[in-house]
Amino acid sequence: MKKTAFFTMLFLSCQLTSCFFQENISNKDKKSAENENNSLLLVDETGTSTISAVIKTVHGNITIKFFPKDAPVNVERFLELIQNGFYDGLLFHRVEKNFVIQSGDPTNTGNGGSGRKLPAEFNSHIHTLGTVGMARFPNDINSADSQFYISLSESPELDGKYTIIGKVTKGLEILHKINKGDKIISLILLK
């Protein structure tokens, strides 16, 4: 009887320890994934992201920093699409000299996207050379998806009407070399 009770207690103790151990592993995996996503949204003292994205083109590289505090949903989605390789191989389907270059449409028509509409997150940033914003349909402020544009000049008429997600920090001279139909070789994150 004592042996049976002892082995029963030992068995139950092992089972409980095993369950607790599995739960700890599962919680650690969840926390690790959350920490990785949160680390992408870390900012410095100016509110600019601590990570960068690099657009590789035939003309050279364009480096972008983000504003995750000012446009958290849009920045997070943009980073997610980068991590999934969504932008690799897409064309700059719109180029308006001294205004904007635009990409992010897998159909290259200006009407396509990833299939997930994003809410407008208008903020106090203004459109200057190198501003990165989310493109949308003119009559639907909540129609941003995967398309983005980079300003080639000051454009105050766009301020407060489009979600600004970041700015070009390196490669400003490359922006004016981009032509309609040029390809994004890759768009990657640098942590």
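The criterion of at least 3 residues that are crowded, with 17+ Cβ neighbours inside 10 Å and either at pLDDT 95 or above or at negative phi (or both) is met, among strands (runs of 3 or more DSSP E) falling completely within segment 93-191, by 100-103, 131-134, 148-151, 164-170.
Pairs linking a residue in segment 92-113 that is over 11 Å from Tyr149 (Cβ atoms) and in the same structural domain as Gln147 (by TED's automatic domain parsing) to a residue that is acidic (Asp, Glu) and in a loop (DSSP other than H, G, I, E, B), with Cβ atoms under 6 Å and 6 or more positions apart or on different chains, are Gly112/Asp105; Gly113/Asp145.
Tell me, please, whether a residue that is of a type outside the set (A, V, I, L, M, F, W, C), modelled with pLDDT of 90 or more and either out of contact with any Phe, Trp or Tyr (no Cβ under 7 Å at 6 or more places or on another chain) or not in a helix (DSSP H, G or I) (or both) can be found in segment 25-48.
Yes, because at least one residue in segment 25-48 is of a type outside the set (A, V, I, L, M, F, W, C), modelled with pLDDT of 90 or more and either out of contact with any Phe, Trp or Tyr (no Cβ under 7 Å at 6 or more places or on another chain) or not in a helix (DSSP H, G or I) (or both).
Consider segment 50-86. How many of its residues are crowded, with 17+ Cβ neighbours inside 10 Å, part of a loop (DSSP other than H, G, I, E, B), within 11 Å of the chain's Cα centre (by Cα) and not aliphatic (A, V, I, L, M)? The total comes to 3.
Only one residue in Ser155, Ser143 is within 25 Å of His59 (Cβ to Cβ) and assigned by TED's automatic domain parsing to the domain that holds Ile174, so which one is that? First the steps, then the outcome.
On the way: Ser143 fails: within 25 Å of His59 (Cβ to Cβ).
Sole residue among the options that is within 25 Å of His59 (Cβ to Cβ) and assigned by TED's automatic domain parsing to the domain that holds Ile174: Ser155.
The values are calculated or read from the model by the stated rules, or taken from the named source; none is laboratory data. These numbers were taken from a predicted model, which means no experiment stands behind them. Counting neighbours? That spans all protein chains shown, and the Cβs are built from the backbone with ideal geometry, glycine included.
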